[in-house]
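Enquirer: Provided herewith is a single structure, encoded as structure tokens, for subsequent inquiry.
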Amino acid sequence: MKPAFLITIDTEGDNLWAAPRTITTRNTSYLGRFQNLCERYGLKPTYLTNWEMANDPDFVEFARASMARKTCEIGMHLHAWNSPPLVALTADDFSHQPYLIEYPSNLIREKVRHMTDVLEEKFATKMRSHRAGRWAFNETYAQILIDCGYTVDCSVTPCVSWSFAKGDPAGVGGTDYSAFPNRAYYVDPKDIRRSGASTLLEVPMTIRPAIEPPLGRMAVRLTSGSRLARKVVRRIWPSPLWLRPNGRNRTHMLELVERVVASGEDYLEFMLHSSEFMPGGSPTFPSERSIELLYEDLEALFERAGKICEGMTLSNYREIHETRSLSGLNSDAQMKTGSGA
């Protein structure tokens with residue numbers, strides 16, 4: 001069977017990197033072009049949707065129409081600083097954009113439940129897939145997702161630590177994923193680095209060291225510390241490779257696709273933000289020209305992926321992964337029975 005090609009879009013307001021106090025959602029009008037491109041190559045995006053987009057009538061109409069064609073999925077993406085119930089954590093939450101995992105556990109649960117209820121009402125479907133805002137995930141968050149019926153998460157960024165990136169200025173920064181697996185596994189809610197017996201499948205982002213092990217692993221360990229250490233190491237070793245366009249990495253993305261497929265892995269996971277399809281919607285793609293170049297990169301990537309992979313949503317992949325896991329268990333049981341006969 002072909003590996004899955006998973007397109008995950010953090011579907012959120014315009015240019016949140018600028019920490020706007022008033023969040024707009026003009027990027028909704030640019031998503032149709034991207035959706036059409038995906039459908040042309042048989043690919044199915046998962047739109048991981050946050051508060052302001054769930055409350056944008058144009059996005060809801062667009063998404064429901066795509067869902068009716070069975071060409072996309074809606075999942076949840078939660079930014080703690082503007083997702084109800086609103087409780088101030090810092091002196092200026094819109095400026096600091098605190099991580100959800102920095103809030104008390106009861107408030108995390110309330111925010112997740114409220115956002116889930118809103119999404120299920122707006123899109124008339126059960127929420128199954130999720131990505132944490134600002135990639136911040138922990139054991140408390142994982143258990144709450146399980147309790148709310150989520151079955152697949154894609155918050156883990158292997159080879160990458162966010163500990164240098166502050167939310168609450170008094171906090172310790174984001175989650176360090178530098179030692180996490182880079183293949184799908186069922187999360188142990190007591191330690192999200194390990195596989196366990198839960199119903200929540202973790203599907204880590206497709207990220208690999210630019211340099212093969214063991215030097216690649218050494219670079220990852222060294223860059224998970226201080227900002228200064230990261231700068232020093234990056235002069236020697238390049239950053240990990242993501243399946244995420246930045247306007248300069250088409251060759252690296254295509255090489256990464258071939259590398260992961262050749263290794264026998266059963267999925268590739270692409271990501272971008274919805275606002276990155278709009279000129280000026282992000283620092284990365286500030287102009288119409290940069291958007292056109294982005295689409296040239298997407299055409300090349302999706303054309304290759306469409307030939308060697310099968311387009312799936314996150315929930316599609318979760319179902320197939322479960323079937324494969326059960327088949328593997330049955331095969332092992334049969335082999336043991338046969339060997340003991």
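The values are calculated or read from the model by the stated rules, or taken from the named source; none is laboratory data. The structure presented is a predicted model; accordingly, all values stated were derived computationally and were not measured. Positions of Cβ are backbone-derived with ideal geometry, glycine not excepted, and every protein chain shown enters the neighbour counts.
Enquirer: Tell me, please, whether a residue that is modelled with pLDDT of 95 or more, part of a loop (DSSP other than H, G, I, E, B) and of a type in the set (A, V, I, L, M) can be found in region 235-252.
Expert: Just the residues of region 235-252 that are modelled with pLDDT of 95 or more, to begin with: 241-252.
From what's left, part of a loop (DSSP other than H, G, I, E, B): 243-249.
Those left that are additionally of a type in the set (A, V, I, L, M): 243.
Yes, region 235-252 contains at least one residue that is modelled with pLDDT of 95 or more, part of a loop (DSSP other than H, G, I, E, B) and of a type in the set (A, V, I, L, M).
Enquirer: Right, another one. Filter region 1-24 down to residues that are of a type in the set (D, E, K, R) and in a loop (DSSP other than H, G, I, E, B) and give me whichever is nearest to Phe94 (Cα to Cα).
Expert: Among residues in region 1-24 that are of a type in the set (D, E, K, R) and in a loop (DSSP other than H, G, I, E, B), the one nearest to Phe94 (Cα to Cα) is Arg21.
Enquirer: Show the residue pairs meeting these rules: Cβ distance below 6 Å; 6+ apart or different chains; first residue within region 177-202 and under 20 Å from Ile320 (Cβ atoms) and touching a residue at least 60 places away in the same chain (Cβ under 8 Å); second residue assigned to a strand (DSSP E or B) and of a type in the set (Val, Ile, Thr).
Expert: From residues that are under 20 Å from Ile320 (Cβ atoms) and touching a residue at least 60 places away in the same chain (Cβ under 8 Å), the pairs are Leu201/Val152.
Enquirer: Same structure again: Please verify whether region 71-90 includes one or more residues that are in a strand (DSSP E or B) and of a type in the set (Asp, Glu).
Expert: Taking every residue of region 71-90 in turn, at least one turns out to be in a strand (DSSP E or B) and of a type in the set (Asp, Glu).
Enquirer: Any chance region 262-271 includes a residue that's out of contact with any Ser or Thr (no Cβ under 6 Å at 6 or more places or on another chain), in a loop (DSSP other than H, G, I, E, B) and on the phi > 0 side of the Ramachandran plot?
Expert: Scanning region 262-271, I find at least one residue that is out of contact with any Ser or Thr (no Cβ under 6 Å at 6 or more places or on another chain), in a loop (DSSP other than H, G, I, E, B) and on the phi > 0 side of the Ramachandran plot, so the answer is yes.
Enquirer: Would you point out which residue out of Ala197, Ala170 is at pLDDT 95 or above and surrounded by fewer than 19 Cβ atoms within 10 Å (Cβ to Cβ)?
Expert: Exactly one of Ala197, Ala170 is at pLDDT 95 or above and surrounded by fewer than 19 Cβ atoms within 10 Å (Cβ to Cβ), namely Ala170.
Enquirer: Could you look through region 276-301, keep only residues that are surrounded by 15 or more Cβ atoms within 10 Å (Cβ to Cβ) and among the charged types (D, E, K, R), and pick out the one that is farthest from the chain's Cα centre (by Cα)?
Expert: Ranking the candidates gives Asp297 first.
Enquirer: Of the conditions (1) without any contact (Cβ under 8 Å) to a residue 40 or more places away in the chain; (2) over 22 Å from Tyr99 (Cα atoms), Arg33 clears all except one; give me its number.
Expert: So Arg33 meets the others, but not (1).
Enquirer: Only one residue in Thr24, Thr11 is within 19 Å of the chain's Cα centre (by Cα), hydroxyl-bearing (Ser, Thr, Tyr) and on the phi < 0 side of the Ramachandran plot. Which one?
Expert: Details: Thr24 fails: within 19 Å of the chain's Cα centre (by Cα).
Just a single option satisfies the conditions, and that option is Thr11.
Enquirer: Determine which member of the set Asn27, Asn106, Asn36 is part of a helix (DSSP H, G or I) and crowded, with 22+ Cβ neighbours inside 10 Å.
Expert: None of the other options fit; the residue is Asn27.
Enquirer: Hey, could you check region 200-217 for residues that are more than 24 Å from Arg131 (Cα to Cα) and out of contact with any Pro (no Cβ under 9 Å at 6 or more places or on another chain) and say which is modelled with the lowest pLDDT?
Expert: Taking the candidates together, the pick is Pro213.
Enquirer: Turning to a different aspect of this structure: All but one of (1) within 21 Å of Gly196 (Cα to Cα); (2) assigned to a loop (DSSP other than H, G, I, E, B) hold for Leu145; which doesn't?
Expert: Unmet for Leu145, out of (1) within 21 Å of Gly196 (Cα to Cα); (2) assigned to a loop (DSSP other than H, G, I, E, B): (2).
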